Every structure is written in structure tokens, then in C-alpha cells.
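The values are calculated or read from the model by the stated rules, or taken from the named source; none is laboratory data. Note that the structure is a prediction, hence the values are computed from the model and not measured. Don't worry about glycine lacking a Cβ; one is built from the backbone with ideal geometry, like all the others, and counts go over all protein chains shown.
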Amino acid sequence: MGISRGRGRIVILAVAGGLIAVPFLLTSAPARAQTASAAANAGQACIGGFAGTYPCNNVDLLSHVTRSALGVREGSLNDVWGWTDPQSGKEYALVGLSSGTGFVDVSNPEAPLILGTMPTQTTPSLWRDIKVFGNHAVVVSEATDHGMQIFDLTQLRSVEVTPTTFSPTSVYTGVGSAHNVFVNEASGYAYAVGSRGGTQNCGPGLHIVDIRTPDAPTYAGCFAHAGTGRAGNG
């Protein structure tokens, strides 16, 4: 996971060989004292089109957190999302791992701090997707019978020992595996896409979950439309 700085100080993370922008600006957060994770490598300036080994254009690499530091011995990183704590203004990267979900404090981008991980609900998977609803992370995976994990992100405020192994706040089992999830933050509904299995099998269409009470997510419905989707079946 690489963190970079451009002209607008946008955080960019390198996962599974690519670059993904985290959706927040670092300039909004005040400076804070923080101890860097031991496995966070020093940054590199963008010189001659490269920041270290990464191609660049007006973007400096501020730091690099290794895959192994995030607990991935075999497998990969595949996704990243962000959360800004409304109470402290601290910023966190939520990283999709083949073995679960990683939580990294990136408030100081030159000294990222790995807080810990939440293990996969069932088996490892190359694919995991994360979104945020308020102060909760919503996690799905293509792992068989994984379900939808919901995690109270305010737990990250009080981590004393790192790395910590976290448990989900709740798990919705109406869906088994899913390729992606979209959250309507205004309505409080989550939409699992490309899902299979679960106690409420919606087939390949949208699997809709009411997460307005994150501790107790409930099934809200299915929607499919013939001719859409990768297989054309909804």
C-alpha cells in the first residue's frame, strides 16, 4: 500500500499492482504526533518520472506499507476505502485483503500506523469490497458464505495495542458471497451486487439490506432486470 502526495495532497494507495485514490484530502486534518508502523517504508520524491519504483507525474510517494505488514503472507490487496472520524478529524484507510480487512491510520501520511485487521468471515478470497455508512464499514467478499460484515469504526479511536485483531459488530447472512456493495448514505440501505447464496438468495441481481440499525441489518428485498449484468441475467 503506497501513500502519495500530489499538488492537491490527495492520498493514493497502490494495491494489487495499481493505484487507487482514497476519497478525502489530507489538508483538512491537523498535524498529529504519531508513531509509524515498523513496516512503513520511507517515501520517495518523484524524480525523472519515478517515485522509487513507481511511475509518477507530479506525485511524491510519502510512504509505503508492505503487504506482509498488513498480515497478508500469501495473497493480495484488492480494494481501499476511507473514513474520516467526525469527532477527531483523523483519517483512516480501510484496505481489502485476501485474508480480511485492514485498518490503517493515515492522518500522518508520512508515518501510517497499522491498527489491525478484521479477519475474513469464512475463507480467504482474492476479492473484497468495502463501503462506509456513517461510522460503520460494510464489507462483502466473494468468499463462499461470507455474508456482509458490519464494523463499528469508532473502535479505532481507542486502540492501545497494535496490531489488533477486530471482530465484526454484526454479520448479515441473508447474502452469501458478493462481488461489490453500494451504500446509499442518505437512506441507509446497502445493495450487494453479484451475490450468491445466503438465506435470502436474490440470484445475480441487487440484494438490498436495511443497515439503518448497523447492529441488526435486515433483508429489504431483491431487484433484477433481464439483459443487465455480466451474464445478462439481472
Only unsatisfied item for Leu126, checking (1) surrounded by fewer than 19 Cβ atoms within 10 Å (Cβ to Cβ); (2) among the hydrophobic types (A, V, I, L, M, F, W, C); (3) under 26 Å from Gly102 (Cβ atoms); (4) at pLDDT 95 or above, is (4)
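Consider Ala220 carefully, then state whether it is touching a strand residue (DSSP E or B) at 6+ places or on another chain (Cβ under 8 Å), more than 22 Å from Ser98 (Cβ to Cβ) and at pLDDT below 95. First the steps, then the outcome.
On the way: touching a strand residue (DSSP E or B) at 6+ places or on another chain (Cβ under 8 Å): yes; more than 22 Å from Ser98 (Cβ to Cβ): yes; at pLDDT below 95: no.
For Ala220, the condition - touching a strand residue (DSSP E or B) at 6+ places or on another chain (Cβ under 8 Å), more than 22 Å from Ser98 (Cβ to Cβ) and at pLDDT below 95 - is not met.
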With criteria (1) surrounded by fewer than 19 Cβ atoms within 10 Å (Cβ to Cβ); (2) under 17 Å from Trp83 (Cβ atoms), Thr117 comes up short on (1)
Counted residues in region 138-167 being of a type outside the set (Phe, Trp, Tyr), over 23 Å from Gly221 (Cβ atoms) and in contact (Cβ under 8 Å) with a residue 24 or more places away in the chain come to 13
When every residue in region 38-74 that is in contact with a strand residue (DSSP E or B) (Cβ under 6 Å, 6 or more places away or on another chain), part of a strand (DSSP E or B) and without any contact (Cβ under 8 Å) to a residue 40 or more places away in the chain is compared, the one nearest to Phe103 (Cα to Cα) is Asn41
Of (1) in contact with a strand residue (DSSP E or B) (Cβ under 6 Å, 6 or more places away or on another chain); (2) outside any strand (DSSP E or B), Pro86 fails just (1)
Subset of region 199-219, residues surrounded by 13 or more Cβ atoms within 10 Å (Cβ to Cβ), hydrophobic (A, V, I, L, M, F, W, C) and under 24 Å from the mean Cα position of the chain (by Cα), comes to Leu206, Ile208, Val209, Ile211
Gly174 fails exactly one of (1) buried (at least 16 other Cβ atoms within 10 Å of the Cβ); (2) over 16 Å from Cys202 (Cβ atoms); (3) touching a residue at least 24 places away in the same chain (Cβ under 8 Å); (4) not charged (D, E, K, R), namely (2)
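Among the residues of region 85-104, which ones are surrounded by fewer than 18 Cβ atoms within 10 Å (Cβ to Cβ) and under 13 Å from the mean Cα position of the chain (by Cα)? Walk me through how you get there before you give the answer.
Filtering region 85-104 down to residues surrounded by fewer than 18 Cβ atoms within 10 Å (Cβ to Cβ) leaves 85-89.
None; the set is empty.
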### Query
Could we say that Ser167 is within 22 Å of Met118 (Cβ to Cβ) and either within 16 Å of the chain's Cα centre (by Cα) or at pLDDT 95 or above (or both) here?
yes
Filtering strands (runs of 3 or more DSSP E) wholly in region 121-221 for at least 2 residues that are among the charged types (D, E, K, R) gives 128-133
